[in-house]
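In what follows, a structure is listed as C-alpha cells, so that the remarks can point back to it.
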Amino acid sequence: MAAMIRKVGVIGSGQMGNGIAHVTALAGFDVVLNDVSADQLNAAIATINANLSRQVAKKIITDGDREKALTRISQTETLDGLADCDLVIETAVEKEDVKRKIFHDLCAVLKPEAIVASNTSSISITRLAASTDRPEKFIGIHFMNPVPLMELVELIRGIATGDATFDAAKEFVAKLGKQIAVSEDFPAFIVNRILLPMINEAIYTLYEGVGNVEAIDAAMRLGAHHPMGPLELADFIGLDTCLSIMQVLHEGLADSKYRPCPLLVKYVEAGWLGRKSQRGFYDYRGEKPVPTR
C-alpha cells in the first residue's frame, strides 16, 4: 500500500495546509491543494513560494528544487478535484462537526482504496473515522507548526485503523524526512496533552495577575530556555485553536485541571486570535509586537 501513495490531497490551505503541501511537494509527491476560494489558494501558493525561497537562501534546497516543488502543486476549489488522490490529509478548523462533514462529503468522491487522514491536534481519530466509509483506511497524521521547520509528526491509529494503513503512513512520513512519534488515541495525543495545559497555565498566571505578558514570556524563555514564551506561542498557534484543544481535553478527560482559562475564552470571543487576527496577547499592528496586558 505504501508504494501506491503518489498523489496527495490537502484539504485547507491555511498555515498547516500550505506547510504540508510544501513539504510533500518538495519530497517528490504530486499535491492537490483544496480550499473554498481561488484567492485563498493563490495566497497559499505565494506563501509556499516565499517559504521555499527562504530555504533556497539558506542553501537548504536549490532553486531548481523550489521550481520543481511548485510545479507539483495543483489547486482545486471542490472536493471532486481530490477524486484520484491516493492519500488525502484534512487540515480544517479544529471543530469536530466541520471535520466530520468534510469526511462524509470527501468519501463520496474518493476512490475506494484511498487513505484518509486528519491533521487534528486533539480530536478522537476513532470518532472521525466513524464518519467515513473506510475506518480501516483512516489515520491521524498530526504535523507540527511550522511544518517545513518542525521535525516531528505524530501518528495516531483509531480503533479500526488497519496495519497496512499504518505502515503506509509511516513510510509516507519517512519520505518527507520527518521523525515519527506514535500516540494512542487519547484527547490531544502527546505533544498537545503536555504543551496546551502549560500554555493554559501561563494564561491563568496572567489572568490572576502573577505577572504581565512580558514577564511571563521572559520567565519561560530565560528561566526554562524555551525558544518562545508561552503567550507568544499561543498567539502563533492561534488562540481559537488553543481554546478548542483545551475544550477537548476538559470534556474528554473530565478533569478540572484542563478547564480553559476564562481570559483565553474572552480573547477568543473578542476575535483576538493571535497573529492571524493581528491581536492576541500581543498587538501586531505596529512595527513590533506590543503586549495587550
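Label point of Ala224 set 7 angstrom out along Cα-Cβ; within the range 173-194, amide nitrogens under 16 Å from it belong to 191-194.
Taking Cβ atoms as reference points and 15 Å as the exclusive limit, the residues near Ile73 contribute a net charge of 0, counting Lys and Arg as +1 and Asp and Glu as -1. Extension gain for Glu113 to Arg293 (0.36 nm times residue separation, less C-alpha to C-alpha distance): 59.6 nm. Of the listed values (i) 0.97; (ii) 1.03; (iii) 0.94, identify the label whose number matches Rg/Rh (Cα atoms, Kirkwood Rh) calculated from this model. Checking each listed value against the structure points to (i). Based on the convex hull around the alpha carbon atoms, the range 192-291 presents an average projected area of 6.1 nm². Residue order for Phe189, Phe281, fewest other beta carbons within 10 angstrom first, comes to Phe189, Phe281. Note on Ala215/Gln179: beta-carbon distance plugged into 1/(1 + (r/R0)^6) with R0 of 30 Å gives a FRET efficiency of 0.30.
Report the calculated FRET efficiency for Ala160 and Asp255 (r = Cβ-Cβ distance, R0 = 35 Å), to the nearest 0.05. Using R0 = 35 Å, I get an efficiency of 0.80.
Considering only alpha-carbon pairs that sit under 8 angstrom and 6 or more positions apart, the relative contact order computed for the range 192-291 is 26 percent. With the simple model of a label 7 Å out from the Cα in the direction of the Cβ, Ile194 to Asp133 spans 4.1 nm. For the range 2-183, the relative contact order works out to 22 percent when only alpha carbon pairs closer than 8 Å and six or more residues apart are counted. Can you compute the label reach from Asp63? Point 7 Å from Cα along the Cβ direction, backbone N cut-off under 16 Å, restricted to the range 30-54. The answer is 49-54. The 3J(HN,Hα) values that the Karplus relation (6.51, -1.76, 1.60; θ = phi - 60°) gives for the range 146-158 are, in residue order, x, 4, x, 9, 7, 7, 8, 10, 8, 10, 10, 8, x Hz. Gly and Pro appear as x.
Shown is the FRET efficiency for Thr71 and Glu151, computed with R0 = 25 Å from the Cβ-Cβ distance and rounded to the nearest 0.05: 0.45.
A short reminder: the numbers here are calculations on the coordinates, not readings from a lab. Bear in mind the structure is a predicted one, so any value in this text is a computation, not a measurement. Cβ coordinates were reconstructed from backbone atoms using ideal geometry, including for glycine residues, and neighbour counts include every protein chain displayed.
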